[in-house]
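Have a look at the structure below, then the notes.
The values are calculated or read from the model by the stated rules, or taken from the named source; none is laboratory data. Note that this is a predicted model, so its numbers are computed, not measured. Cβ atoms come from the backbone with ideal geometry, glycine included; neighbour counts cover every protein chain shown. The protein model used for the area step is the full one, side chains on, heavy atoms only, and it has no ligands, DNA or RNA in it. Shrake-Rupley method; radii C 1.70, N 1.55, O 1.52, S 1.80 Å.
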Amino acid sequence: MMKVLLIAIISLLCHLAFGQEGRSTVGDSPFARVESRRMGEGRIVIRQSPAVEQMMGHYIRNNRNMPGVEGYRIQLYSGTGAQARQEAQEVRTKLLSQFPDERVLVEYNAPFWRVRVGSFRHKHEALPLLKKVRDIFPNSYVVREPAIRLDDFNRN
């Protein structure tokens, strides 16, 4: 009786360990997570070219390495030259005097000094603030930002 019980336990463990049809661990890819099974659940099998799984892995790795997500900000100033830094600081001060709760960014990306405000996930979310700041800075406009940190969105 003990041998039968031991064989049944070993069989069950082998079935659980090797039941993923060649996949090493459940966490390898989204495909493996979908194909994984728990007791009482159905079974899903995904068949696709290995190139698709490789591209998906590449996409996941790139997104993990990104410092943030794509979003939008309002650009108030962009300038070059000897006085550009001073002008950027003046624009920042002027904006903060009118909108003290907004987060203003002064950035230097050679040779440009830029002043940007806000962090918005979608362009239409930036439009109400753009309308307000255009009273002070008529040449301001919405710009796409490739990587805004997620916690910057909570500040608005």
Open item on the list: Checking Ser97 against (1) within 22 Å of the chain's Cα centre (by Cα); (2) over 18 Å from Gly68 (Cβ atoms): exactly one of these is not met. Which one?
Closed with: (1)
Open item on the list: So the check is Cβ under 7 Å with 6+ separation or different chains; which pairs have a first residue in the stretch 39-50 that's closer than 19 Å to Ser29 by Cβ and a second one that's of a type in the set (Lys, Arg) and open to solvent by 90 Å² or more (accessible area, probe 1.4 Å)?
Closed with: Arg43/Arg37
Task: Matching residues, the stretch 30-86, being modelled with pLDDT of 90 or more and on the phi > 0 side of the Ramachandran plot - done: Gly81
Open item on the list: Cβ-Cβ distance below 7 Å, separation of 6 or more or different chains: which pairs start in the stretch 89-107 with a residue that is farther than 14 Å from Ser140 by Cα and end on one that is among the charged types (D, E, K, R) and open to solvent by 70 Å² or more (accessible area, probe 1.4 Å)?
Closed with: Arg103/Arg155; Val106/Arg92
